[in-house]
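Mind looking over this structure? Questions follow.
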Amino acid sequence: MNQTILLKSRPEGAPKLSDFEFQKDDSTLNISEGEILLETKYISVDPYLRGRMSDAKSYVPPFKLNEPIASGVVAQVKASKHDNFKEGDYVSGMLDWKTTQISNGEGLNKISPERAPLSAYLGVIGMTGLTAFLGLHEIGKPKAGETLLVSGAAGAVGSVVGQIGKILGLRVVGIAGTDEKVEMLKADFGFDDVINYNTTSDMAAAIKETCPDGIDVYFDNVGGPISDAALFSINRFARIIICGAISVYNKTEAPTGLSVQPFLVKNSALMQGFIVSNYADKFPEAMTQLSEWLGEDKLKYTETIVEGFENTPQAFIDLFSGKNKGKMIVKI
Ligand code: NDP
């Protein structure tokens, strides 16, 4: 039985299960020359997919209604009529939310379960690891001894950003949503300090206290009031990396907040948004470094693995209430 998840309606506000539709069919999928048959093993659910579910103009086209959703997927080749792939190979790439599908191999990378667990290719040595590495290096330009503040710190990108900061000799402070996450970041990932934004009434004061020398680099995954509060502690020539803004993805009205300009002018600070694919030419170099750190145990990672294809939409929805620690992944 082949199963597919389609986008049934564009979410208004927070995404709901009723925005998704399951389709089942038991026809046999036959491949032609130059094609492979893939069985899905792991699906990556990511906050950025929320943007593709709306029809607003963005850097990637929106998903079409009543068509499959796609994201990072790890799959196994079940049959091949393609010179570069053989039965049993594992691949990762942008694929549909389907249990089984046919591909012409374009955009797929062969991956090895001997080198790292398959799910890691969707996280620490996949898109989110690259986002952490390239955003921090290319915009943050971190230097040993500086202070790095990371929001969304217990998530897939944030937990890697903080650890890279530590490897490079920075003081690293995180912001996360539960005490359990705070403990994890300090005990397992080496963060110097972490703020629980859900139990802190004055974020600007908490940031000032945990970053006594000010912030040199702010890696922002969340936007909104947390990021407004960080502006009060930025240093001269601070670099602010706008990686994501999950706190506003579900807003139905234009978000409002502080005017950032006076903070940037006064501090000669840089604030820059980015999309990881801007740096595609640097992926091999970044991947080599991430894999090396992983092999040396300098870089650790955690995952929240949800079992079952049918739970993919819920796993996606749960990102917005912080149910994940590290990378949220669905195991099929
Ligand atoms: P995460 O693993 O960080 O999951 C999302 C986390 O966001 C949740 O666990 C939750 O943690 C936190 N969160 C949810 N709602 C809020 C809120 N209202 N305020 C503050 N925190 C919230 O996801 P990723 O690591 O995959 O992505 C992190 C960010 O990076 C996202 O904004 C994403 O869009 C962006 N991104 C950008 C890329 C790029 O190329 N620019 C590429 C990949 C990701 P908590 O319990 O701490 O609230």
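Please treat every number below as a calculation from the coordinates, not as lab data. All values derive from a computational prediction rather than experimental measurement. Here the Cβ is made from the backbone with ideal geometry for all residues, glycine too, and neighbour counts use every protein chain on show.
Quick one: plug the Kirkwood hydrodynamic radius of the chain (C-alpha pairs) into Stokes-Einstein at 37 °C, 0.692 mPa s, and report D in µm²/s.
Details: Rh = 20.7 Å.
The Stokes-Einstein estimate is 159 µm²/s.
Taking the dipole about the Cα centre of the chain, with the C-beta of Lys and Arg at +1 and of Asp and Glu at -1, give me whichever of 70, 7, 274 is farthest to the positive side.
Final value for the positive-end residue is 274.
State whether the range 156-217 is rounded, prolate or oblate according to the following rule on the C-alpha gyration tensor (a ≥ b ≥ c being the square roots of its eigenvalues): a/c under 1.5 gives rounded; otherwise a/b larger than b/c gives prolate, and the remaining case gives oblate.
Since a/c reaches 1.5 but b/c is at least a/b, the shape of the range 156-217 is classed as oblate.
What GluC sites (Glu not before Pro) does the range 1-38 have in DSSP loop regions with at most 15 other beta carbons within 10 Å?
Within the range 1-38, the qualifying GluC sites (Glu not before Pro) (loop, at most 15 other Cβ atoms within 10 Å) are 12, 33.
Let me spell out the model: positive unit charges on the Cβ of Lys and Arg, negative unit charges on the Cβ of Asp and Glu, origin at the Cα centre of the range 179-324. What dipole size does that give, in debye rounded to 20?
Details: 11 positive and 22 negative charges, 132 e Å.
Using only the charged Cβ atoms, the result is roughly 640 debye.
Apply the Karplus parameterisation 6.51 cos²θ - 1.76 cosθ + 1.60, with θ equal to phi minus 60°, to every residue of the range 311-325 and state each ³J(HN,Hα) to the nearest whole Hz, in sequence, with x for glycine and proline.
3J(HN,Hα) across the range 311-325, in whole Hz: 9, 4, x, 5, 4, 4, 4, 5, 4, 7, 10, x, 6, 9, 10.
Rounding to the nearest 10 and keeping the result within 0 to 90°, find how far the Cα-based axis of helix 156-167 lies from the longest principal axis of the chain.
Rounded to the nearest ten degrees, it is 50.
May I have the extent of the alpha carbons of the range 242-315 along their three principal axes, as whole Å values ordered from largest to smallest?
43, 36, 23
Further, regarding this structure: Please state the shape class of the range 177-313: rounded when a/c is under 1.5, otherwise prolate if a/b exceeds b/c and oblate if not, all from the C-alpha gyration tensor. Can you show the working numbers first?
On the way: a/c = 1.39, a/b = 1.31, b/c = 1.06.
Since a/c stays below 1.5, the shape of the range 177-313 is classed as rounded.
What do you get for GluC sites (Glu not before Pro) in the range 218-312 restricted to DSSP loop and a cutoff of at most 12 other Cβ within 10 Å of the site's Cβ? Walk me through the numbers before you get to the answer.
Numbers: sites: 253, 285, 292, 296, 303, 307, 310; in loops: 253, 296.
Taking the range 218-312 and a limit of 12 other Cβ atoms within 10 Å, the loop GluC sites (Glu not before Pro) found are 253, 296.
May I pose another question? For residue 270 and residue 66, what is the calculated FRET efficiency with R₀ set at 41 Å and r taken between the beta-carbons, to the nearest 0.05? Don't skip to the end; give the middle numbers.
Working: r = 42 Å, r/R0 = 1.04.
So, using R0 = 41 Å, E works out to roughly 0.45.
Right, here's the next one. Only helical DSSP H runs with n ≥ 4 go in: add -39500 (n - 2.57) per run for the chain, normalise by residue count and round the 222 nm mean residue ellipticity to 500 deg cm²/dmol. Spell out each step's value before the answer.
On the way: 9 runs with 78 residues, N = 332.
After summing the helix terms and dividing by the residues of the chain, the value is -6500 deg cm²/dmol.
Report, in whole Å, the centroid distance computed from the Cα atoms of the range 166-183 and the range 1-67.
33
Which entries in 181/325; 141/327; 24/110; 24/98; 141/186; 181/327 show an alpha-carbon gap greater than 18 Å?
Working: 181/325 7 Å; 141/327 25 Å; 24/110 28 Å; 24/98 10 Å; 141/186 23 Å; 181/327 13 Å.
Pairs exceeding 18 Å: 141/327; 24/110; 141/186.
To continue, here is another question. Check cross-link reach from residue 64 to the aspartates and glutamates: straight Cα distance under 18 Å, and skip same-chain residues fewer than eight apart.
12, 19, 21, 46, 55, 96
Something else now. Name the trypsin sites (Lys or Arg not before Pro) in the range 43-134 that are in a loop by DSSP and that have at most 14 other C-beta atoms within 10 Å, would you?
On the way: sites: 50, 52, 57, 64, 78, 81, 86, 98, 110, 115; in loops: 57, 64, 81, 86, 115.
In loop regions of the range 43-134 (DSSP not H, G, I, E or B), the sparsely surrounded trypsin sites (Lys or Arg not before Pro) are 57, 64, 81, 86, 115.
Further question: Enumerate the amide H contacts of residue 146 below 5 Å, restricted to partners 5 or more residues apart or on another chain; note that Pro and chain-start residues carry no placed amide H.
171
Turning to a different aspect of this structure: Place +1 on the Cβ of every Lys and Arg and -1 on the Cβ of every Asp and Glu in the chain, take the dipole about the Cα centre, and give the residue among 189, 111, 214 whose Cα lies farthest towards its positive end.
Going by the charge dipole, the pick is 214.
Please give the charge dipole size of the range 1-91, origin at the Cα centre, charges +1 on K and R Cβ atoms and -1 on D and E Cβ atoms. Round to the nearest 20 debye. Display every interim value, and only then the final one.
Details: 12 positive and 14 negative charges, 76 e Å.
The dipole of the range 1-91 has a size of about 360 debye.
Taking the Cα-to-Cβ direction at residue 320 and at residue 248 and moving 7 Å from each Cα, how far apart do the two end points lie in nm?
With each label point 7 Å from Cα toward Cβ, the separation is 1.6 nm.
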